[in-house]
Structures are given as structure tokens and as C-alpha cells.
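These notes are about the structure you will find just below.
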Amino acid sequence: MYGEFKLEMPQQLDEALALIAEDPAEVLSGGTNLMIELRARKLRPEQVVSLDALSELRGIEVDGNRITLGARTTISDILRCDDMAEFGPSLLDAANLFAGQMVRNMGTVGGNIACSSPAADLVPPLMSLDAEITLVSSKGTRKVALCDYYLSYKKDVRAPSEMITSVSWKKLAKNSSNSFYKLARRIGDAITVTGVAVTLTMDGDRCTTARIALGAVAPTVFRATNAEKILEGQILTDDLITTAAQQAKAQSSPISDVRASAEYRLHTVGKLTHRLLTQARDKLV
Amino acid sequence: MKNSKEIILKINGRNEKITVPSHRTLLEALRETGHVEVKCGCEKGDCGACAVLVDNVAIDSCLTLAWTSEGKEITTISGLGTPDEPHPLQAAFRDLGAAQCGFCTPGMIIAAQGVINDNPAPTDDEIRMGLSGNLCRCTGYAKILDAVGHAASEMRKNGEPS
């Protein structure tokens, strides 16, 4: 069914990095995205490098104030982590609505980020948590803020010789609320129409930090920074939240496809941003 | 074919040798070795008909390469029970009318076992979530959910290892 390719199954990260440094390759993690692209012949690589044996890349670590997920951590691993409701409530929201059981057991955090889809459901939550990703090549390591990772539709800053090895973020500040809403045509196993992740941190009734990350309403997942600026440093009145939601809408540039029209997506970005901001404020104030 | 090699897959406790190219999926390899109880549906991870347990975790065999499955324990529906000695899930599907045409049943039961491996006492919502990657074109979902709940409680009563 598939086009032929050379399959490498390195046992060590160094070996994997050497392979992708030498020749162009597709990196195979959970396979829930790449296998479909291969089958549809959207990708025709000469070489596929499977990370299946690299268990060192899988796991959730907490070091002081920082949470790190190895790139091969699966969606099911996120759901099984008892502390995820505290570490990343929005990420847990997304994992709970992610595909079906088998795909959750196979699909990985690194793969979801690396596929660079605007509808990748873990990305808005991670962006709303100010996550940073670690890119490693045989030449060295660099860290990139997730909000700077995507360039345009399915384009990102990762070089062919680089691999995502982990994603990490700082624990939420006190008096913060973080959530994700996935709008889709049904609850289970559906591609997102509009995804909104919000983080608010309050000092009394004043907002100190606002993060609004939007999925499936532009060529990439992105932060509605104009809307965030309207909120930061302010007392969050209903009017201010309405203005911020309008800004989020203004920064979106959705397309029409089989799932929804551009018009509907714009409408729901405004409504959902308004709803999530209001819920977060009401929880904290 | 270039890029072919002999691999050994441990299927339902038995080692089976098969020569396959690197791009062969686990689903294709299983069916080629006669394990046609594993069904081929959408081949893109939407329908769950091809679900098997790999090291006790339910996965879609259509999204898995055969080569990367070497050295792992693969369990198909036939590895869970037989007509004479059905697994509690198989018995519950039979007794509660949870199979209509039967095409989705192998994947449904494997996914259900995956849920129970993780959580021996799943709630109705947890069963729903666990089966959300399995499609039944006869749309007999209500009886499937009943059968899984019933089997899980039978397994708890009998203290069966999950």
C-alpha cells in the first residue's frame, strides 16, 4: 500500500541524529499522522527513521518549577499523569478530547507539534502555557519558544537535521486559570473547527498575564497577542473582555473547508475567547 | 523486493516468521500470516477495526510498521479467547447482542480490553471515551457499551487478571 522507503530503527538518540544529518528523512514517532501522509503519498521519503526504540524520549518530569514532557510522551501518558490537572489544565482538556483510544496510545506530543498542523490540539494549550521546545541535532541543542516555532502552513523553524526531543513549561503562577475549548462537529475523534486556549493570571482584580492561543483559524496555531495586550495590567470588565475577543477575531484568518466556513470559524473564535476569558476571570476574582 | 527482511512476530504467544519489506504495516503482515481476524477498515486510524494489543496496549495495526513490532507481544481477538472458552468480553458481546454484522467486533473487543487493562472499573463515560476510536457501521453502539460494562464487572467479580 505504501511507497517503498528505507526504514532505520536507531537504538540511541545519537544514532538517530546522525541518520537525519546524513540524508533527508521523515522522523516516525507515533505514526498517527506520518503513516497517513505516507499512505496518501503526500510524502515520499527515501528514508524513514523510527524513534520507536528511544524510550529515553518518553516521560513526564518535574524539576522544581518546570514540567518537561519527552517528545515521545503519548496523549495517553498525559491522561494517566495524576498531576496534569495542576501542571497543565488546558493540556488535559485537549488530551481528553483527542482522537480515539488507539491513536491516544500511539500519538506523541513531539509528533503533534512537529506535524505543524493548525489543528494540532496539543499546541494551543502548550502555547497558552508559554511552552518551549528543545531541538537537537548532531551539532547541538537549541530552545525555541513554541509561539515562535511555526512560520506558515506546515512550515516551521526546524531544520531537516533537527529533532524535537522535549517540550517544557513553567508551573502556572498562583491565582492563574488555564483552559482549552475544542469546537468540533462531534465530541469523539473529530478534527477541530476552532480551538481556543486561555491563561489568565490575576493580582487581585487586575490581570497581570494573559495568553490566548488559537487553533484551526489561521495557517498556524498562533497567539492573539493584540487581545492579550488589551487585558494585561487592566481590571477585566465585561466590556474589556468583549474588546479582547473582537481583537482575537481580527487576528484570525480562517479558511472554509469541509468542517466549517470561514465565517463560522470567525464567529466562534470571538464567542469562545469571550467565554473562556469570562470563565477564567470569574474563577479568579 | 528490496528493503525486505525476515522478522519474527510474537502473535498470541507464538513466534511467527515472516519476510516483509520495511513499508509493510503490522495489519498487512498479520493478515498475510493468516490472522484475518484482524480487520482492515479505513487504514488511517479512524475506524479501529484493525486494533490489536501490543504489550497490552491497544493500537491501530494499520498505523504501525511490522518491523517495529518485533520483540513485542501482539494479541489479536483470537488470542483473548476461543469459541469454546470465550473471554468475558466475547461472551458478553455474544449474550447481549452486541455484534450485528460483526466486522467491528474484533477491534471493539480489543479496544475494550485496552480500557479494562488501564482501569478495571470504567464508568460508562470512560467506556465511551475508550471506544471513541472504533466505528460500528451497524450503529449498534448501545449494546456494545452495555456488553463492555457487563464484562468489566464480571471480570472484577471473577478477579481475572486484566
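The values are calculated or read from the model by the stated rules, or taken from the named source; none is laboratory data. All of these numbers come straight from a predicted model, not from anything done at the bench. Using ideal geometry, Cβ is built from the backbone for each residue, glycine included, and neighbour counts are taken over all protein chains shown. Just the protein is used for accessible areas: all its heavy atoms, side chains included, with ligands, DNA and RNA removed. Shrake-Rupley method; radii C 1.70, N 1.55, O 1.52, S 1.80 Å.
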request  = May I ask you to list the lysines whose Cα is less than 25 Å away from that of B:Lys17, ignoring any residue fewer than eight positions away on the same chain?
outcome  = A:Lys6, B:Lys2, B:Lys5, B:Lys39, B:Lys72
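Chain pair A, B: how much accessible area is buried, both chains summed, with a 1.4 Å probe, in Å² to 100? Intermediate values should be presented prior to the final figure.
Working: alone 13760 and 8540 Å², together 19680 Å².
The A and B chains share an interface burying roughly 2600 Å².
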note = Percent antiparallel among DSSP beta bridges confined to the protein assembly as shown, nearest 5, equals 90 percent
query = Across peptide A:178-188, what mean number of C-beta atoms from other chains lies inside 10 Å of a residue's C-beta?
reply = 1
request  = Equivalent ellipsoid semi-axes for chain B, as square roots of 5 times the alpha carbon gyration tensor eigenvalues: give them largest first, rounded to whole Å.
outcome  = 28, 16, 13
Shielding by partners - mean other protein chain Cβ count within 10 Å, residues of B:42-49 = 5
task = Pull out a ≥ b ≥ c, the square roots of the eigenvalues of the alpha-carbon gyration tensor of region B:4-79, then state rounded if a/c is under 1.5, prolate if not and a/b is larger than b/c, and oblate in the remaining case.
result = oblate
request  = Given the peptides B:139-145, B:28-34, A:116-122, B:13-19, arrange them by the average over their residues of other C-beta atoms within 10 Å, most packed first.
outcome  = A:116-122, B:28-34, B:139-145, B:13-19
key: Residues whose placed amide H lies under 5 Å from that of A:Lys6, excluding near-sequence neighbours   = A:Gln47, A:Val48
ask   = Taking the Cα centre of chain B as the origin, how large is its charge dipole in debye, to the nearest 20, when only Lys and Arg (+1) and Asp and Glu (-1) carry charge on their Cβ atoms?
value = 420 debye
ask   = Where the accessible area of chain B is counted over protein heavy atoms with a 1.4 Å probe, how much of it, in %, is carbon and sulfur?
value = 48 percent
query = Against the longest alpha carbon principal axis of chain A, how many degrees, from 0 to 90 and to the nearest 10, is the axis of helix A:238-251 turned?
reply = 30 degrees
ask   = Dimensions of region A:177-284 along principal axes (Cα, Å, largest first)?
value = 44, 27, 21
note = Tilt, helix A:262-284 to longest principal axis of chain A (alpha-carbon atoms), in degrees rounded to tens, equals 70 degrees
ask   = Please report, for the Cα atoms of region B:41-129, the Rg to one decimal and the Dmax as a whole number; what are they, in angstrom?
value = 13.2, 38
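Hey, can you find the accessible area per residue of chain A for me, probe 1.4 Å, expressed in square angstrom?
For chain A, the solvent-accessible area averages 44 Å² per residue.
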message = Residues of region A:95-142 losing 50 Å² or more of accessible surface, assembly versus chain alone, probe 1.4 Å, please list them.
response = A:Gln101, A:Met102, A:Met106
query = Placing +1 at every Lys and Arg Cβ and -1 at every Asp and Glu Cβ, with all other atoms neutral, what dipole size does chain A have around its Cα centre, in debye to the nearest 20?
reply = 800 debye
task = Quick one: which residues, 5+ away or cross-chain, put their amide H under 5 Å from the amide H of A:Leu151? H built at 1.01 Å from N.
result = A:Asp156, A:Val157
ask   = Looking only at Cα atoms, what is the convex hull volume of the protein assembly as shown per residue, in Å³?
value = 148 Å³
Distance cut-off 22 Å, percentage of C-alpha pairs in region A:48-121 lying past it = 19 percent
request  = Output the Cα-based Rg and Dmax of region B:81-157 in Å, rounding Rg to one decimal and Dmax to a whole number.
outcome  = 11.1, 32
query = Measuring from the lowest to the highest alpha carbon on each principal axis, how far does region A:6-50 reach, largest first, in angstroms?
reply = 30, 19, 12
key: Full-extension gain in nm, A:Leu43 to A:Glu86, via 0.36 nm per residue minus C-alpha separation   = 11.6 nm
remark   = Inter-chain shielding metric for B:56-67, i.e. average beta-carbon neighbours from other chains within 10 angstrom, reads 6
message = If I require 15 Å or longer along the helix axis, counting alpha carbons, and a Kyte-Doolittle average no lower than -1.0, what helices from chain B are left? Use full DSSP H segments.
response = B:105-118, B:141-157
